[in-house]
Structure formats: C-alpha cells, structure tokens
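Colleague: Dropping the structure in here first, questions after.
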Ligand code: GDP
C-alpha cells in the first residue's frame, strides 16, 4: 500500500460548495493539511484554460474531484446533454491539468450508477462494463465511467497515482432539496414535511415504491474518501457504500417516522422506477480497513434537523 501522508499537503477540493465537497472540506479540517478551494466564480471547471490556470497558480499536492453535475432520476432523464457534457469536461480538464502540473495524487468520485442495470447484487467493482446501463442515467454514468478510465490511463501511461471511488446514493447536509432535480431521500423529506405541516392525508411517491436503494451519509462518504486518499493506490476503482439497502417504500416510512407524519403514500407509476436494485458490495473497502458508521435512521434524523434549520435558504423549498 502506497500511503500518502496528508501532513503539510495542499489539497484542492474541487466542488467544495456541493454536498460531497463540503463534507470532504469538513473532514479534511481535522487533518493537518492545507485545504485549497476556489473563490466562487474564479474557476469554470468546464473550461480547460480556467482549470489549467487555477492548478498552475495554486500548485496543490493532491486533488479531490468532488465537482460534478448531479441530479435525480428526472433531471438525468430530461437534461442528458448537460449531464454528459458538463461531467466529461469537468473531469477531463481537472485530470489532464493535474498531470500537466505534476500533481501526482488525485481521488476521482463517480457513482454507483456506472454499473449495468441488471448487474448481480450486491454489485462488485468488476461488474463495470459487463452489460447495458440504466437508461434514465446513462449520460451521467458514461461520463463517470470515462473518469475512471482517465485515472487508469494517466496511471498506465504516466505513472500518475490517480484513484477512483464510487459512492452509492448519498444524502446529508447541503443536499439538493429541489423537487424537480433532487434525489429520492431529500425529495421525500420535503414532501413528507410539507404534508405533515399542511395536514395533507397523502404524499405522492414516484414509481412503484419497490426499487431498492442503498444510502450513505455524506460524512461517512467524506471519511471514506480521506481514507482512500491516505491509503489506497491502485488502478481499480473502489465502491463506497454501506452494503445495506431499503425499498423506496421503507425509506418513505422511515422519513415519515422521523417527521411524525401518519398519512398514506400514493405511488405515481407514471414516473420511472429506474434500476430495480442498486446495492454495493463493499468487501474491498472493508478489507482495506474502512466501513460506514452512520445508521440510516440516525442519518435521516440529523439530516431532517439540518433541513429544518436551513430550509428557508434552500433553492426550490418554500
Ligand atoms: P436513482 O437512484 O438514480 O434512480 O435516482 P433517484 O434517487 O432520483 O430515485 C430513486 C428511486 O426513488 C426511483 O425509483 C424514483 O422513482 C423513486 N422516487 C420516489 N419518489 C421520488 C421523488 O419524489 N423524487 C425522486 N427523485 N425519486 C423518487
């Protein structure tokens, strides 16, 4: 194992204002490293010259690529060009500029949707590119697969120590709570909160409620990313998850318990279910010595608390 000592290192967290990037910044603040972030508006990650200038000026020792165009099933399905182009540009610009500026350590973040729609569950890392993707998020998935391959290519051709981690569905503080573009957990939190507040007898849930998803709290994710940065060196990407999944109906019930809502769920089957099941096999991370710590119910409770404290400032939330 390579071992990368963070002490005194300058680490650029690309995407530091997002849910994952901000959690990585919080986590890195407990290490004796220097965190580099870009002042809002200074870098356009989709523009090569902008990224090259930033990296040349800042000279980080390592980079976490937590910047991405992300969104839930509807956003992915209806804005394919943005999800493909933006993500390809962001990762290609950062990885190439890192190499050009002799940054030898980089952790690239993808997603569990890189795996085939019908990959055997739980999904192991070697399920990558063994079958067709889920059509609702294939644009995002193709971009993220290209990112893994970029890391492998720069490792193979130039010996760069660039690694990839694939987090499962994430949730937590700074999530996107806008119903049109969010993922299921924050969306149901908003809907159930609103139904509870207004006394509505039912809450609409998209799809059949039977798809199964795994949810990782973003603080666990950030801890896993820092663990990987410190201790993993290899061409193969690593799954970052809990190894446990729930149905969408069970998720809705958990959130309702936290909110105190006692109404019914109405399943809107005109909306897509997406992949029937998305559960990570997390044996490789466990074997390296890391596992998630925050149980889903605890994570939902603290995230709901965060939502209550911050909801006035959130985009798309009344
Ligand atoms: P996915 O994991 O890429 O499919 O993305 P999502 O988190 O957006 O959706 C996960 C599952 O939750 C899908 O089966 C959705 O149809 C279902 N779902 C139920 N209600 C909602 C909702 O209000 N918003 C979203 N985004 N998904 C929902």
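Colleague: Considering only DSSP beta bridges with both partners in segment 119-259, what is the antiparallel share in %, to the nearest 5?
Modeller: 25
Colleague: In what order do 140, 154, 85 fall by count of nearby beta-carbon atoms within 10 Å, going from fewest to most?
Modeller: Details: 140 27, 154 19, 85 14.
Least to most surrounded, the residues fall as 85, 154, 140.
Colleague: Just want the ordering: 304, 162, 232, from fewest to most Cβ atoms lying within 10 Å of their own Cβ.
Modeller: Numbers: 304 16, 162 27, 232 22.
With the fewest neighbours first, 304, 162, 232 line up as 304, 232, 162.
Colleague: Moving on. If I take every Cα pair under 8 Å that is 6 or more residues apart in the chain, average their sequence separation and divide by the length, what percent do I get for the relative contact order? Can you show the working numbers first?
Modeller: Details: 621 pairs, mean separation 64.6, N = 318.
It rounds to 20 percent for the chain.
Colleague: Show that you can apply the helix-only estimate: for the chain, add -39,500 (n - 2.57) for every DSSP H stretch of four or more residues, divide by all residues, and state [θ] at 222 nm to the nearest 500.
Modeller: On the way: 10 runs with 131 residues, N = 318.
After summing the helix terms and dividing by residue count, I get -13000 deg cm²/dmol.
Colleague: Where the centroid of each part is defined by its Cα atoms, how far is segment 198-220 from segment 72-119 in Å?
Modeller: 25
Colleague: Nearest-5 percent of antiparallel DSSP beta bridges in the chain? Walk me through the intermediate numbers first.
Modeller: Numbers: 2 of 32 bridges.
Around 5 percent of the beta bridges assigned by DSSP in the chain are antiparallel ones.
Colleague: Just to confirm the number: angle between the C-alpha axis of helix 184-198 and the first principal axis of the chain, 0 to 90 degrees, nearest 10?
Modeller: Relative to the chain, helix 184-198 is tipped by roughly 40 degrees.
Colleague: By count of other Cβ within 10 Å, fewest leading, how are 300, 114 ordered?
Modeller: Working: 300 24, 114 27.
Fewest to most other Cβ atoms nearby, the residues stand as 300, 114.
Colleague: State the extension gain, in nm to one decimal, for the chain segment bounded by residue 283 and residue 31, taking 0.36 nm per residue of separation less the distance between their alpha-carbons. Before the final figure, lay out the partial values.
Modeller: Working: separation 252, 0.36 × 252 = 90.72 nm, distance 2.62 nm.
The residue 283-residue 31 span can extend by a further 88.1 nm.
Colleague: Between the helical axis of 218-231 and the dominant principal axis of the chain, each derived from Cα atoms, what acute angle in degrees is found, rounded to the nearest 10?
Modeller: Helix 218-231 sits roughly 20 degrees off the main axis of the chain.
Colleague: Could you check which residue among 274, 299, 159 shows the biggest mean-square fluctuation in a GNM of the chain with a 10 Å Cα cutoff?
Modeller: Most flexible of the set in this elastic network: 159.
Quick note: the coordinates plus some simple rules give every number you see, no bench work behind them. Just so we're clear, the structure is a prediction, and the values are computed from it rather than from any experiment. With ideal geometry, Cβ positions are generated from the backbone for all residues, glycine too; neighbour counts draw on all protein chains shown.
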